[in-house]
Structure formats: structure tokens, C-alpha cells
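Here the structure comes first, spelled out in C-alpha cells, and everything after it is commentary.
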Amino acid sequence: MPRGSWIGTVPAQSTNSGHVILAASAPCKHSFVSGAEANRTTAADRPQRLSSTTNPENGTISYQCYPDGTLQWKLYNDGSGEQYYYDSYQRVSTICRYLPRGVMDSNQTQEYTYDPNTGALNSVVFAYGGVGPNGYQMQNQYTYTPGGKIASKTLYLTSARNATGSVSVNYTYPIPPATGSSISATRSATW
């Protein structure tokens, strides 16, 4: 593992249907291995909870957590930041991005929705291209196999003028699963 990299895994929950739900990957719930690289430091406000990192590429990044340990804020040294919101299952529901001086950039808001029966990620709306006649929205939608693996991912683009487009990737898995992790995928595009 390279020095200065995250260790651990993204917390996952299994449902009765076999789907795997990824919870938020937050520095508040991970350990950080500090490397010997020059000018790189980390700080923790309690054991196993990262509070800041400093490196030459980004400067200092500070992390603030909710009382339950989930990430609330990620603050950059230029005054910009990200605020995280969660649903009742501690899954990320919204990420709001802020420009320096605390102005929210609504074009960069990400919204996550989950299947109410399985808890699997349904969609992520991740780009808003402004308002007016040239505005647009981008969204990823996911489907799953009965075993909980991703069956397809479709990127949808919708413009304010009701022009739409999509690109899909469909995944197939060998039955029974091979010992390796080979996946075949087909791609299609609609405009």
C-alpha cells in the first residue's frame, strides 16, 4: 500500500435480498497511515478519527464530523468546502459544494436515491449546468442482478429544452462465478 493512503474498507451493509449497500466513506470512520513523504502531515481529534491533512497539492483539508461519526464538512484551505447529509440509514443523501467565502455552488450538488426495498443505490444526480435555455442535468441510474451485483449503469443527460441523451453499460457475470473477477460489458448510446 502506498504511504499516505487510506486504509480500511468502505462500510457495507447486507440486506435480506443479498444487495450490498455502501455507506458513506468518511475520514471520520477510517484510519490514515502517515507516510514519510516530506511536507505531509495528518492530525486526529481522537483515535481513528482524522481531523485534518496537509500536503503540497491541496494545502490543509479539515474534516468535521457529526456526533455519530459520519462526515459533516470537508473544508479546503482556499475557503471552499463540501457538506454531507445522510438518510436515516447513514447513507449519503446529498453533498453540497461551496465556493470560497461560503457561497453554495448548486451546479455541483450531488443527490443520491436508494431503492426502498433493497437499499441499493438507485441514482445519483451529479451535475446541473446552470439555469435558463442552456441548462442541463446529468444523472446516473443503476440496476442490479438478483444477487446484488450491478447489472447496468446509465448516464442520462437532460437539457432545459427537453433534449435528452443516454449512454448505458450493461454487465454480465459468468455463471457459476469464475475464481477471477472477469466481467463483460456492453455499451449503448441513445441521442
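The values are calculated or read from the model by the stated rules, or taken from the named source; none is laboratory data. Since the model is a prediction, treat every value here as computed from it, not as a measurement. Ideal geometry is used to build each Cβ from the backbone, glycine not excepted, and the neighbour counts take in all protein chains shown.
Looking across segment 65-81, the residues that are surrounded by fewer than 18 Cβ atoms within 10 Å (Cβ to Cβ) and touching a Lys or Arg at 6+ places or on another chain (Cβ under 9 Å) come down to G69, G79, S80.
If the requirement is being part of a loop (DSSP other than H, G, I, E, B), surrounded by fewer than 16 Cβ atoms within 10 Å (Cβ to Cβ) and modelled with pLDDT of 85 or more, which of these qualifies: N117, N162? Only one candidate passes the filter, namely N117.
Quick one: is D105 surrounded by fewer than 13 Cβ atoms within 10 Å (Cβ to Cβ), modelled with pLDDT of 85 or more and touching a Leu at 6+ places or on another chain (Cβ under 9 Å)? Yes: the conditions hold for D105.
For T143, which of the numbered conditions (1) surrounded by fewer than 14 Cβ atoms within 10 Å (Cβ to Cβ); (2) without any contact (Cβ under 8 Å) to a residue 12 or more places away in the chain; (3) over 28 Å from N58 (Cα atoms) fails to hold? Answer for T143: the failing condition is (1). Scan segment 84-114 for residues that are more than 27 Å from S159 (Cα to Cα) and either in a strand (DSSP E or B) or touching a residue at least 24 places away in the same chain (Cβ under 8 Å) (or both) and the total you get is 5. When the test is whether a residue is assigned to a loop (DSSP other than H, G, I, E, B), surrounded by fewer than 10 Cβ atoms within 10 Å (Cβ to Cβ) and at pLDDT 65 or above, P174 does not pass it. Just checking, does segment 92-101 include any residue being exposed (fewer than 13 other Cβ atoms within 10 Å of the Cβ), at pLDDT 90 or above and either aromatic (F, W, Y) or more than 30 Å from P146 (Cα to Cα) (or both)? Scanning segment 92-101, I find at least one residue that is exposed (fewer than 13 other Cβ atoms within 10 Å of the Cβ), at pLDDT 90 or above and either aromatic (F, W, Y) or more than 30 Å from P146 (Cα to Cα) (or both), so the answer is yes. Of the residues in segment 52-72, at least one is modelled with pLDDT of 75 or more and aliphatic (A, V, I, L, M).
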